[in-house]
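Every read-out reported here was derived from the displayed coordinates using simple, explicitly stated rules and does not represent laboratory data. Please read all numbers here as calculations on a predicted model, not as lab measurements. So basically every Cβ, Gly included, is an ideal-geometry build from the backbone, and we count neighbours across all protein chains shown.
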Amino acid sequence: MKGLSLSLIAISLLLVAEAAMAESTPPSQETVEQNAQPATVPSPVQLVRTLHLMQDQIAIGSTEAHIGQRGLLGILDDRFMDLEPETWQTSKNSRAAVSFVLSGGNPGILRRLLELGSSVIAEIDRPLIEGALAYVEGREEAAQNSLASLDPRSLPPTLGAQLALVQSALVVRKDAAKSDELLDFVRLQAPGTLLEEAALRRQVFVASQTNNMKKFQTLATDYLRRYRHSIYSGNFRQRLASALTRIDFGKESSRFEGLVAMMSELELDARRDLYLLAARSSIEQGFTTSARLLADKAQELVGSDRMSAARAKLYRAASLITSPQAIDDAVNDLRSLDRTVLAASDLGLLDSALAMAGQIRKMPEIQSQQVAEARTKSAKVVAERPMDVSAPAQGLEQLQALSKARDALSRVDKLIKN
């Protein structure tokens, strides 16, 4: 693979050399005679294919291809703008121009095609050209108006995948299910390419938005296995972290098992950091079971990292303070933490957890006091009423039970909200 990426760099450098020689070397008589013969000029389709080959190497982590892409795009910008107007009378060439721009090329070529008008470009291609230009210029509404009715399946595979990728981005906020369907199409249409890599990156985010946990975990695992070295994997990991902070992994055992399998594709440090991030978020959202599970996994990976060990212990203990059986041990763990290794945000969480634990411990005393007061009031009511041999005991028990339940629920709700 590395050899292929280097060969693509060589292609771009060769094109640079050609351009430089053409500009600096005066033509010889022999060259003039040769130029009298029709020259073989790469077609727009061939030029775009060269660009896509290089970009596919970027998807698997070739830094050489990533560096070379900028130079190649500059050369192809000039090549496209220098082509004769009659070149664009062929539909496949004008579509290649669209593909070029959607791949990062200069949108000036599409403006030129629209200026040339119907005398050059086919009317059937006008919505595609106008929509692509609007999209790369950030005019989303105009892009949606032009591209919404186009069927990606009616286009060549690569261009069809590019169009579907654009359409998915345009509809994702209004129709996540439609966006997901379009991204499925991209992955099927362009496997092993930068287009598939981009589709996977986006689709993981869409799956988490639609709460499709099975698909979310399947796609994320697929990305980490196949594209973990992509130049754009940093963007994916940011999306993954964002998605993990919104999921309750304690709801179903299969969710957590799927997460563990997915995370096993990551490096140890990245795994640990994501477990800690998700554990803290679970605490903030009240997903106590999820927080404990995630903190336990993080603890397995902390090694000699004191800060990570303290964070994992903090998040685990904070998740257990609402458990009557575990609250004492949890408070002891919280008090034993070395505050000097915790960040300010974690110190705030530590203090909040200890304060909440104190409130929870006071609840039984408060409830006992309230029950005693209820008994006194109930006895007073009974004493002031005519005696009913069947009702007083039952009424007193009901009053006590209702009072205790109402006050306990009220205090728990208040604690959770705080």
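Here each label is just a point 7 Å from Cα along the line to Cβ, and for Thr340 and Arg153 those points are 6.7 nm apart.
How large is the Kirkwood hydrodynamic radius of the stretch 52-91, in angstrom, based on all distinct alpha carbon pairs?
Numbers: mean 1/r = 0.0863 Å⁻¹.
Result for the stretch 52-91 stands at 11.6 Å.
When the C-alpha to C-alpha distance is required to be over 27 Å, the pairs from Lys214/Lys313; Lys215/Lys251; Lys174/Lys297 that qualify are Lys214/Lys313; Lys174/Lys297. Summary of packing: across the peptides 117-123, 214-220, 74-80, the per-residue average of other C-beta atoms within 10 Å ranks them, highest first, as 214-220, 74-80, 117-123. Size check on the stretch 33-121: the Cα extents along the three principal axes, sorted descending, read 42, 36, 18 Å. Based on alpha carbons, the Rg and Dmax found for the stretch 117-169 are 10.8, 32 Å.
How much length is gained on full extension from Thr210 to Ala355, taking 0.36 nm per residue of separation minus their Cα-Cα distance?
Here the segment from Thr210 to Ala355 would lengthen by 48.6 nm.
Working from Cα pairs under 8 Å separated by at least six residues, relative contact order for the stretch 162-240 is 24 percent.
So what's the stretch 291-331 giving for Rg/Rh, alpha carbon basis, Kirkwood Rh from the mean inverse pair distance? Don't skip to the end; give the middle numbers.
Details: Rg = 10.4 Å, Rh = 10.2 Å.
Rg divided by Rh gives 1.01.
Divided by 2.2 N^0.38 Å, where N counts the residues, the Cα radius of gyration of the stretch 41-198 comes to 1.01.
Contact order for the stretch 36-111, expressed relative to its length and based on alpha carbon pairs under 8 Å spaced 6+ residues apart, stands at 36 percent.
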